[in-house]
Structures are given as structure tokens and as C-alpha cells.
Amino acid sequence: MKLLRNIVDSFTQLLGSVKRNRRIRPKGDSPLLVNLGCGLSVCKGWLNIDGSLNALIASWPAFMHRLFYRLSGASQYYSQQEYCDLLQRHRFIHHDLIHGIPLVDGVVDVVYTSHFLEHLYKNDGKRLLQEAYRVLKPGGIVRVCVPDLVYALALYPRGEKEKMLLNYFFVEDQGSQYARHKYMYDFEMLKTILDEIGFKGVQRCVYRRDKHLIWIVWITVLRIPYILRQSGRWLVGNMP
Ligand SMILES: C[S@@+](CC[C@H](N)C(=O)[O-])C[C@H]1O[C@@H](n2cnc3c(N)ncnc32)[C@H](O)[C@@H]1O
């Protein structure tokens, strides 16, 4: 199974590379809400982009979803029915985000990315945020959630060394090369990058305490499952 997963993973990445220069103009989405590195934490009404096998097969016939269920690794978290429903009821684009965001300029209202940026090397991460700037409309919002480097480092003096190393610095899933963490951020580091790119009003948001009413409306109406079940730090930057 492990060998098969590695082969499928390499094939999935190869396909991502073949499609690297795509720039799609989405039709009829208003507002256009994009979730980068979505995994299976997806919501109705969002355009979910990920480089995984799940995103690749989402548009394939339903029997393929059942076929790939075990291979995808999703069986650790979801029943087969839940997995099939997630793929069939949501909109995915399969894309290796190391090659940028596969959308044309200035069409997106909100870019949301959760626990994904740390899966890119530093320069690739900055390029991705520049890409977010490129695809956002004037007044658009980028929302970035990452594991907090400050929190991770605080585990060490508390004696939680293994937890720090395995959950934050050497995260690994032998079946997917995408699972690795390649960089880490604290708020200041991320703010510096977002400021340099040109985002305005970058600020830190506390988990489940949000001053941005419009965002709360979106999460309430569209129910981002992530916010209900994981803790984290939130950042937001507005386009000028
Ligand atoms: C830890 S998961 C986060 C999933 C979800 N956003 C969440 O918060 O639960 C990281 C996701 O990033 C995706 N990923 C990692 N590197 C990627 C890349 N270069 N291009 C596209 N997706 C990538 C993985 O496939 C995985 O789904």
C-alpha cells in the first residue's frame, strides 16, 4: 500500500507540474471565495484548490472516489460515504500551488489558506502570497492561518520536545510528499512579508474572536468546518 501511495503521489505531483501555467477565469461566482491548500476542509460555495489526489479525482466519476478511498489516506478521518460526499458536493481544482494560483488577475474576493503556507519553502510561500495579491480584487481579503512558531518553540522548555519536533518541524506522512513542513512563521514574520507585498491593514486575529463582521457572516453562512474544530492564529490583510 505504501509503495502504491508513493507511486500515485508522484503521478499526482507530475500532473500538477504539467498544468503549472494554467490561468482559469471562473464564471459566475460572486463573491469568489478561494481556499488554498484546502485538503478536505472544504465548504460549499468555495473554490477549493489543492495538489492532492483528492482534488485530482474530485471531478472523476463517483465509482473512482470509492476506488481511491483507501489509497487517499482519508480513511483515517472519514467514512467512505463522507469522503465521497466531500468530493462530490464541493468544487475542487487540482493544482500544485508552488506554481502559483491557477486564476487570472483580480477576480477573487477572499483568499483563505489554513495550515498550508508552512508546507512551502520560504520563497515559495512569499510567491504564493504575491499570487494571492495578484488574484484578489481591490478591497479583497487574504486570510492566513498557520501554526504559530512562538507556540511551537514554547513547547520545548515545557518538556514537550517530541510534540514540538513531530507536530511542527518534522511533520511527515510517508504517503504524501506534500505533508512536510518546510518553514514556520510567527505573526511579525508573516506581517513583514504581507506588508512588503503591499497588503494593507495586516492584523492578528484571535481564534473565534473576530472583529470582521463580514467574515463572521461568511463563516456562519458558509460554515468553514475548520474554525469549529481546530485552534490557530488568524491573520488578515486587505488589498489597498
Ligand atoms: C495540513 S493540510 C491543511 C488542509 C486544510 N487547509 C486544513 O486546514 O485542514 C495541507 C494541505 O496542503 C496541500 N499541499 C501541500 N503542498 C501543496 C502544494 N505544493 N500545492 C498544493 N497543495 C499542497 C496538501 O495536499 C494538504 O491538503
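Side notes on the structure shown:
- Residue count for region 158-208, restricted to those that are closer than 26 Å to Gly16 by Cα, in contact with a strand residue (DSSP E or B) (Cβ under 6 Å, 6 or more places away or on another chain) and among the charged types (D, E, K, R): 0
- Checking Leu166, Leu190, Leu153 one by one, the residue that is outside any strand (DSSP E or B), farther than 24 Å from Arg204 by Cβ, more than 12 Å from the ligand (Cβ to nearest atom) and of a type in the set (A, V, I, L, M, F, W, C) is Leu166 and no other.
- Residue that is farthest from the ligand (Cβ to nearest atom), among those in region 96-115 that are part of a strand (DSSP E or B) and over 24 Å from Met184 (Cβ atoms): Asp109
- Any hit, region 135-143, residues being among the charged types (D, E, K, R), in a helix (DSSP H, G or I), away from the ligand (no atom under 16 Å from the Cβ) and modelled with pLDDT of 80 or more: no
- All positions within region 70-86 that are within 16 Å of the ligand (Cβ to nearest atom), at pLDDT 95 or above and either over 16 Å from the mean Cα position of the chain (by Cα) or within 15 Å of Tyr178 (Cβ to Cβ) (or both): Tyr78, Glu82, Tyr83
- Of everything in region 1-19 that is of a type in the set (Lys, Arg) and either more than 15 Å from the ligand (Cβ to nearest atom) or not in a loop (DSSP other than H, G, I, E, B) (or both), the residue that is farthest from His99 (Cα to Cα) is Lys2.
- Among the residues making up region 20-75, those that are part of a loop (DSSP other than H, G, I, E, B) and polar (S, T, N, Q) are Asn21, Ser30, Ser41, Ser52, Ser59.
- The residue that is farthest from the chain's Cα centre (by Cα), among those in region 154-185 that are farther than 26 Å from Lys2 by Cβ and surrounded by 14 or more Cβ atoms within 10 Å (Cβ to Cβ), is Leu155.
- Qualifying positions in region 14-54 - touching a strand residue (DSSP E or B) at 6+ places or on another chain (Cβ under 9 Å), β-branched (Val, Ile, Thr) and surrounded by fewer than 21 Cβ atoms within 10 Å (Cβ to Cβ): Ile24
The values are calculated or read from the model by the stated rules, or taken from the named source; none is laboratory data. As the structure is a computational prediction, the values presented were derived from the model and not from experiment. Virtual Cβ from ideal backbone geometry, glycine too; neighbours counted across all protein chains shown.
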